[in-house]
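No lab work stands behind these numbers, since they all come straight from the coordinates. Given the structure is predicted, the values throughout are model-derived calculations rather than measurements. So basically every Cβ, Gly included, is an ideal-geometry build from the backbone, and we count neighbours across all protein chains shown.
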Amino acid sequence: MATTQQRRHDTVRMILGWIVGLIMAFPVFWMGLAAFKTEQDAAAIPPKLFFSPTLENFVEMNERVNYLHHALNSILVSGTSTALAILLAAPAAYVMAFYPTKRTRSLMLWMLSVRFMPAVGALIPVYLILVYLGLIDTLSALILITCLANLPLIVWMLFSYFKEVPAEILEAARMDGARALTQLRYLLIPLTAPGISSTALLGMILAWNETFWCINITATKSGTLALAIASFANSEGQFWAKLSAASIASVAPILIFGWITQRQLVRGLTFGAVK
Amino acid sequence: MASTTTPITVPARARSRRVMKTWPLLLPSVAVLALWAFVPLVLTLWYSFQNYNLQMPPAVFGGLINYEYLLTDPDLPGVVFNTLIMVFVPLIVTVVLGTAFAVIYDGPFPGQPIARILVITPFFVMPTVAALVWKNLFFHPVWGLFSWLQQSLGMQPIDWFSSHPMTAIIIIISWAWTPFATLILLTAMQSLDREQIEAARMDGAKSIARFYYVVLPHLYRPIAVLVMLETVFFLSTYAEIYVTTMGGPGSATTNIPFYIYSRALMGFDVGLASAAGVFAIIIANIVAFFFVRIMSEQI
């Protein structure tokens, strides 16, 4: 009896699981479809599921905004800012996880509270400082700010991974006379590599999708895809097929990246909340 | 046995050596975060007392004039209310849906890995694009999919962004963030000891009771973490408004970030925008205060 009930549960699970999945992904699918439609087909009533596809929208989008240029900026900003943030965060997370003191907890909470500070509160001074330094619309400014914006979350994620490494292993290695660098190379890095890569994945996704700073401190030269699509939307608001082409082109790289790495990402997203 | 050799006098020196060893590792991130937190804060405070419009430089000291203007702005209560609505409603929606979805995906079924990939897809879509898709392809009063659906059902199509702008924006935010909630809660659920559920089943607990008494208590911590993280992101909702309503109609969908944006970058009024920035920081700190207290129990 239990097995028939179990089987019924599994059927319900399957039906619900697929319905939910299809609904959630439908807007992206529909946008992808519109990208290959002519403008007439995209605005057709009733909506067209079948049509003769065209690549015209992508060609025209690339003429309007230099896609490759912005895509390269996106890759540079998300990659570099995440790498920088991990380089800064890993030593701190290591110390706080393995050598906790009385102040560790308040230090962690302080870092968290920095992330609570709204970006808009910092916008004006940051903008004026960047103008003063001649750094408006430069990649280095955007990389630095994205790194700082994500740093608290990255410290926190790394901290929760490092805490999962049993301190006894390191203690044993130290007893056996392993120096800090040896411990790092043969124990810490292998043990924490999955955690670090999950953290890097999340950092890159957040950086890729970061829009606020990008819209406000960059322009055509160093803008990422987030800026390109926002400015494209302002000028081409009525041309949905072209807009959809630009949209799908700007999410496609991170979407494919995310699909491929989702297992690591799923495993990583506990923020130390699971013990 | 080794612990018997820990006299009280040694730690003082050991501790000072340890501090010597660890602070260089802590310093870089603490220093940059401190700069990042305090320099803009101090400058925002400074500008908030200036009468400074970029179109009419230079800045002159204006005392509390910006705060006076801000706090007597008839739009302000609505703006604060909008901000809170844009935080709390998506929070409730994403946590409820995320829990439900996690329950669904916490078990094998044919095609589960693919269905799970479909569910988390919105997480990778940047906010601008999410807003554009919904605005043009779904919410458009003439050519949108919703209007077509309503017309085929014989109903009058709705112009979402003029009659229900807040609902529309909340739908967009919730769609974009439900996958994040699902991911965190699913991971948490999969860490639950299966034997506990099995034991509850043996004791005759129905599936609803099992969920309520075994699974849900296990999810409290992850939900607390999730609520805090989402609050951080929802408090600064910006791109969704920028692309869809530009804060309108009137100020119906203006939240604090967008209010500052429209004052500072459209109105060039640095002083007023800074005062609003200080205001935003205060609101965020009030919210953060509660969450940081919750989180301090998690560390």
Nitroxide proxy distance, nm - points 7 Å out along Cα→Cβ at B:Met202 and A:Val131: 7.1 nm
FRET efficiency for B:Met266 and A:Ala252, using Cβ-Cβ distance with R0 set to 30 Å, rounded to 0.05: 0.40
Label-reachable residues, the stretch A:120-139, where backbone N falls under 13 Å from a point 7 Å from A:Leu76's Cα toward its Cβ: A:137-139
Under-5 Å amide H pairs with B:Gln50, H placed in peptide plane, nonlocal only: B:Gly62
For chain B, size of Cβ-based charge dipole, Lys and Arg +1, Asp and Glu -1, in debye: 1120 debye
Net charge dipole size for the stretch A:65-268 [Lys, Arg +1 and Asp, Glu -1 on Cβ; Debye, nearest 20]: 340 debye
Options B:Val42, A:Ile129, B:Phe109, ranked by Cα towards positive dipole end of the protein assembly as shown, top entry (Cβ charges): B:Phe109
Size of electric dipole in the protein assembly as shown: Cβ of Lys, Arg +1 and of Asp, Glu -1, about Cα centre, debye, nearest 20: 1900 debye
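Give me the inter-chain shielding for A:127-140: mean count of other chain Cβ atoms within 10 Å, whole number please.
Mean number of neighbouring Cβ atoms from other chains: 1.
Tell me the net charge near B:Thr182. Cut-off is 11 Å between Cβ atoms, B:Thr182 excluded, with +1 for each Lys or Arg and -1 for each Asp or Glu.
Residues near B:Thr182 contribute 0 overall.
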MRE, 222 nm, helices only [DSSP H, n ≥ 4, -39500 (n - 2.57), over chain B, to nearest 500]: -22000 deg cm²/dmol
Positive-end extreme of charge dipole, the stretch A:2-56 - chosen from A:Phe26, A:Ser52, A:Thr38 (charges on Cβ): A:Phe26
Radius 14 Å from Cβ of A:His9, net charge of other residues (Lys, Arg +1; Asp, Glu -1): +4
Per-selection Kirkwood Rh - the protein assembly as shown (Cα, Å, 1 d.p.): 25.7 Å
Aspartates and glutamates with Cα under 15 Å of A:Lys48, excluding same-chain neighbours fewer than 8 positions away: A:Glu39
Positive-end extreme of charge dipole, the stretch A:65-268 - chosen from A:Met96, A:Ala230, A:Ile256 (charges on Cβ): A:Met96
Calculated FRET value between B:Ser152 and A:Leu68, using beta carbons and R₀ = 41 Å, to 0.05: 0.50
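Taking the Cβ-Cβ separation of B:Tyr212 and B:Asp159 as r and a Förster radius of 41 Å, what is the calculated FRET efficiency to the nearest 0.05?
Efficiency at R0 = 41 Å is approximately 0.50.
Can you give the average number of partner chain beta-carbon atoms within 10 Å of each beta-carbon in peptide A:211-221, as a whole number?
Details: counts 10, 8, 0, 3, 6, 4, 0, 0, 0, 0, 0.
If you average over the peptide's residues, the count of other-chain Cβ atoms is 3.
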